[in-house]
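The values are calculated or read from the model by the stated rules, or taken from the named source; none is laboratory data. The model shown is predicted, which means the values in this text are computed figures rather than measured ones. Glycine also receives a Cβ, built like all others from the backbone with ideal geometry; neighbour counts cover every protein chain displayed.
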Amino acid sequence: MALTGIIIGIVFGVMGILIFLSEYFQTKRCTAEASALIVDVIKDEHWRYRKNRSGYVTYYYPVLEFTAGDKIWRVKTVLKATRPETFQKGERLNILYNPQNPADLKRPENSLWEGVAGMVFMFILGAVFAYIGIKAG
């Protein structure tokens, strides 16, 4: 049990680092600004397991159209919402995109602090499991 707790703690710590690095590098890549038009909203259902109530959850993904350089891009984003009114056709969103790959984009509101918060959360979780593992050993 002790070794298992320590291993789980290390895995959570590594996951925290990966969350931070993902957000950090996306922030470094996505430097160009654009105003994007929502041209469609795609509804997608995913199965989600929960202890008390499992079931399908519906996500809404906006399809954005924006100009990068001299080309018009149309991108189904990884941005998602569970409420259908979050993204409306015809609405404009400010985005940051990667000049080398405009399909790689993010919202300016998604700051590096989200990556830091994810990393800290995972480190705390990892420390708890490692502590339990050490105490059990």
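Rundown of residues vs (1) exposed (fewer than 14 other Cβ atoms within 10 Å of the Cβ); (2) more than 16 Å from the chain's Cα centre (by Cα); (3) assigned to a helix (DSSP H, G or I), yes/no style:
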{"position": "Met15", "(1), (2), (3)": "no, no, yes"}
{"position": "Glu23", "(1), (2), (3)": "no, no, yes"}
{"position": "Thr27", "(1), (2), (3)": "no, no, yes"}
{"position": "Ala36", "(1), (2), (3)": "no, yes, no"}
{"position": "Lys43", "(1), (2), (3)": "yes, yes, no"}
{"position": "Asn52", "(1), (2), (3)": "yes, yes, no"}
{"position": "Leu64", "(1), (2), (3)": "no, yes, no"}
{"position": "Trp73", "(1), (2), (3)": "no, yes, no"}
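Restricting to region 40-60, give me the number of residues that are farther than 10 Å from Thr82 by Cα, among the charged types (D, E, K, R) and touching a helix residue (DSSP H, G or I) at 6+ places or on another chain (Cβ under 8 Å).
Qualifying residue count for the region: 0.
For a quick check of your reading of the model, give me the residue pairs whose first member lies in region 6-21 and is more than 12 Å from Ala130 (Cβ to Cβ), whose second is of a type in the set (Ser, Thr, Tyr) and modelled with pLDDT under 80, with beta-carbon atoms closer than 6 Å and at least 6 apart or on different chains.
none
Of everything in region 78-100, what is more than 21 Å from Ala32 (Cα to Cα) and of a type in the set (D, E, K, R)? Give them in sequence order.
If the condition is that a residue be more than 21 Å from Ala32 (Cα to Cα) and of a type in the set (D, E, K, R), then Lys80, Arg83, Glu85, Lys89 are the ones that fit.
Pull out all pairs, ordered by first then second residue, where Cβ-Cβ is under 6 Å, the residues are six or more apart or on different chains, the first lies in region 43-64 and is farther than 22 Å from Ala103 by Cβ, and the second is among the charged types (D, E, K, R).
Short answer, once both residue conditions are applied: Tyr56/Glu45; Val57/Arg48; Thr58/Glu45.
Can you name the condition, by its number, that Leu105 falls short on among (1) within 30 Å of Lys135 (Cβ to Cβ); (2) among the aliphatic types (A, V, I, L, M); (3) crowded, with 17+ Cβ neighbours inside 10 Å?
Leu105 satisfies all of (1) within 30 Å of Lys135 (Cβ to Cβ); (2) among the aliphatic types (A, V, I, L, M); (3) crowded, with 17+ Cβ neighbours inside 10 Å except (1).
If you scan region 77-109, which residues turn out to be modelled with pLDDT of 90 or more, among the basic types (Lys, Arg) and assigned to a strand (DSSP E or B)?
Arg92
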